[in-house]
1. Looking only at segment 63-106, which residues are closer than 25 Å to Arg136 by Cα, in contact with a helix residue (DSSP H, G or I) (Cβ under 8 Å, 6 or more places away or on another chain) and in a strand (DSSP E or B)?
2. So which pairs qualify, if the first residue must be in segment 170-194 and within 17 Å of Glu328 (Cβ to Cβ) and in contact (Cβ under 8 Å) with a residue 24 or more places away in the chain, the second must be in a loop (DSSP other than H, G, I, E, B) and basic (Lys, Arg), the Cβ gap must be under 7 Å, and the two must be at least 6 apart or on different chains?
3. For Phe109, work out the one condition from (1) within 24 Å of Tyr139 (Cβ to Cβ); (2) part of a helix (DSSP H, G or I) it doesn't fulfil.
4. Counting just the residues of segment 197-219 that are of a type in the set (Gly, Ala, Ser) and closer than 15 Å to Asp317 by Cβ, which one comes out surrounded by the fewest Cβ atoms within 10 Å (Cβ to Cβ)?
5. Which residue, of Ala319, Ala285, is touching a helix residue (DSSP H, G or I) at 6+ places or on another chain (Cβ under 7 Å), closer than 30 Å to Trp209 by Cα, small (Gly, Ala, Ser) and in the same structural domain as Pro219 (by TED's automatic domain parsing)?
6. Take the residues of segment 133-173 that are assigned to a loop (DSSP other than H, G, I, E, B) and of a type in the set (A, V, I, L, M): which is modelled with the lowest pLDDT?
7. Ile339 passes all but one of (1) over 17 Å from Thr146 (Cβ atoms); (2) in a helix (DSSP H, G or I); (3) aliphatic (A, V, I, L, M); which number fails?
Amino acid sequence: MPVLPAPYENAIAFSFGDSPELADDLLRRVLAGDKTASCGALRDFGADGEPMPEVGRRDVVLNGAGEPAAVIETTSVEIARFDALTPAFTDQEGEGDYRAWREGHEAYFARNGGFSPDMQLVCETFRLVDVLPAGRPVYNQVARPTFVVTDIESDGPTPLHNSMLSFASVAIDADGTPRGEFEAVLKPRPDRMQNETTMAWWQTQPEAWAAATHNPEAPDVVMPRYADWVEALPGPHVFVAAPMIFDGLWMDHYLDEFAGTRVLSGPFKGRQIFRGGGVCLYTMAGTLRGAPYLDWGMSKLPSEFYGDIAHTHKAIDDARGFANVLVELFKLSRTLPPISGSVADFR
């Protein structure tokens, strides 16, 4: 039996398929975000066979060499006949179209106890919750990040003294494919004060102020809900803001304070919903424009980069505009020659 790392020492460990090659292939699909479902013959489960999957349980997936590579959490379980399954389920297995799925599974079951069209299957959906050391090289090659582009509004310059009023996040992939949106209005913290200069500015923005203060909710309700939303997005999640030092600072503080997680990932204990140090659009835009530092600024970008979305200081409008900017900047970055290095170069 493989030695499982903390905190998964007592988890159930298994590999997909019936060969090292198939185990690696299906694991790769899980790590890429293409495979979020699996099925097995009901006859193989029970007291003398494999343990039945359970919603909420986290299992360790082994690679073809038997090494712990990933952790998945079961999100649904049902029993269904083989010939009753439709693409609504089989597409989630990430193994081709329905015809390819059927041919592959007929062959698999035939060589593992027998196949019949009316055989009962245990059908499970799951989500990837952790990548272990043996899975990271493959994950880094195949995973498609979700970029969570975020804008916040506040009643002052710092979360140490002031309150975040509202925020919005737009989740996209590098090509701009939408993966979801989240927006919220927050109740001001009773242990914080409004900043006089900031409030004077808000008086010049009545529509944005109304949007940032309408129907607020408590931060200790909103931030855990937001963390759950981020965690449910596909792929590794990357925080994006313009600039990171402002919006990222506010979100990091509120996530740490009210949801037990952070914008920044690293060698920290506890829940980590984002990968890496995030993306500062301000810096990315300035460098890819080839501008000197004193000529950086989001206002220096052409309006078409924003998808012609006006910067209204309403969090959702600004997040959508910045999401369009990120896609345009990725287009620019792809035209540049790649630069490579190594850990040895860094150290």
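The values are calculated or read from the model by the stated rules, or taken from the named source; none is laboratory data. Treat the numbers as computed from the prediction; the structure is a model and nothing was measured. Cβ placement follows ideal geometry from the backbone for every residue including glycine, while neighbour counts extend to all protein chains displayed.
1. Passing the criteria: Pro68, Ala69, Ala70, Ile72.
2. The qualifying pairs are Asp173/Arg144.
3. With (1) within 24 Å of Tyr139 (Cβ to Cβ); (2) part of a helix (DSSP H, G or I) applied to Phe109, the lone miss is (1).
4. Ala210
5. Ala285
6. Ala143
7. The failed condition is (2).
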